[in-house]
Amino acid sequence: MDSAHVENDLVNVLFTEAQIQERLGELAARIEDDYAGKDLLIVGILRGAVMVMADMARSFSRHLEMDWMAVSSYGSGTKSSGVVRILKDLDTDISGRHVIIVDEIIDTGLTLSWLTSNLTSRNPASVEICTLLRKPEALQMPVDVKYVGWDIPNEFVVGYGLDYKEQYRNLRDIGTLAPHVYS
Ligand code: PRP
């Protein structure tokens, strides 16, 4: 789906498909340099990270392994509870492995902060984070992120894996959702 198909729902297009692909290529090149000679496992966080994983992984010119986790907030039912439970765990034993967690957005930081601690407790050789987007103004928990596509304002963004009520994930671009859609 292109932005033109949902243009009335968007305030603007933040990043086009071409810009996203270019940035992912740059991130992959940096990661390749940083992990030269080391084995690498990238872990995508379902469901939003599917597009980033698929496109970034194909930008690499080296072997890597891919695995997936699904997590969900619970407790109060809001993300701000900071409590996360694992809906789908890794199939891979990451002990002694170099791991990069890949996500499409860091908002409050609660999910990635929890995930980093969780994976670190499994004795990997290293754990780093790669996110396409980050909202510095929304951060509630410090998260050490090694690879960031772009920092963005604290606005409701959709597309390229990011949803509103499970829609817009298949939008090629990333755009700011118009308030009339969610208010
Ligand atoms: C998004 C994103 C991160 C998390 C970040 O997932 O993929 O995992 O939110 O938010 P935080 O920094 O406030 O913790 P979401 O819960 O929307 O699920 P989804 O990937 O299935 O859309």
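The values are calculated or read from the model by the stated rules, or taken from the named source; none is laboratory data. From a predicted model like this one, the values you see are computed outputs, not experimental measurements. Note that each Cβ is placed from the backbone with ideal geometry, even for glycine, and that neighbours are counted across all protein chains shown. Just so you know, the surface numbers come from the protein's heavy atoms only, side chains and all, with ligands and any DNA or RNA stripped out. Shrake-Rupley method; radii C 1.70, N 1.55, O 1.52, S 1.80 Å.
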Q) aspartates and glutamates near Lys146 by alpha-carbon distance under 17 Å, same-chain residues fewer than 8 away left out - which ones? A) Glu26, Glu32, Asp33, Asp34, Asp103, Glu104, Asp107, Glu128
Q: Write down the Å³ per residue value for the convex hull defined by the alpha carbon atoms of the range 113-183.
A: 125 Å³
Q: Return the carbon/sulfur percentage of the accessible area of the chain, one whole number, probe 1.4 Å, all protein chains in place.
A: 48 percent
Q: Report the local net charge at Leu24: Lys and Arg +1, Asp and Glu -1, summed over other residues whose C-beta lies under 12 Å from its C-beta.
A: -2
**Q.** the chain: relative contact order as a whole-number percent, Cα under 8 Å and 6+ apart
**A.** 26 percent
(Q) Spelling out what I want: for every residue of the range 42-55, take phi, set θ = phi - 60°, compute 6.51 cos²θ - 1.76 cosθ + 1.60 (Karplus), and round to whole Hz; glycine and proline get x. (A) 9, 10, x, 9, 5, 9, x, 7, 4, 5, 4, 4, 4, 7
**Q.** Amide N of the range 136-175 lying under 11 Å from the label point, which is placed 7 angstrom from the Cα of Val11 along Cα→Cβ
**A.** 153-157
Q: Could you work out how far helix 17-34 tilts from the main Cα principal axis of the chain, as a 0 to 90 degree angle to the nearest 10?
A: 20 degrees
Q) Which number comes out as Rg/Rh for the chain once both Rg and the Kirkwood Rh are worked out on C-alpha atoms? A) 0.96
Q.
I'd like to check one number: the per residue accessible area of the chain, probe 1.4 Å, reported in Å² as a whole number.
A. 49 Å²
Q: Pull up all non-local amide H partners of Ile105: gap of 5 or more, or a different chain, and H-to-H distance under 5 Å with H placed in the peptide plane.
A: Leu132, Leu133
Q.
Under 5 Å between amide hydrogens, which residues at least 5 positions from Leu40 or on another chain qualify, with H placed 1.01 Å from N in the peptide plane?
A. Glu65
**Q.** Spin-label model distance (nm) - Ile86 vs Asp2, 7 Å beyond Cα toward Cβ
**A.** 4.3 nm
Q: Determine the shape class of the range 1-95: with a ≥ b ≥ c the square roots of the Cα gyration tensor eigenvalues, call it rounded for a/c under 1.5, and otherwise prolate if a/b is greater than b/c, oblate otherwise.
A: oblate
Q. How long is the gain from Gln140 to Arg122 if the chain were fully straight, where each residue apart is worth 0.36 nm and the alpha carbon distance is subtracted?
A. 4.0 nm
**Q.** Nearest 10 degrees, 0 to 90: helix 110-120 Cα axis against the chain principal axis
**A.** 10 degrees
**Q.** aspartates and glutamates with Cα under 15 Å of Lys88, excluding same-chain neighbours fewer than 8 positions away
**A.** Asp67
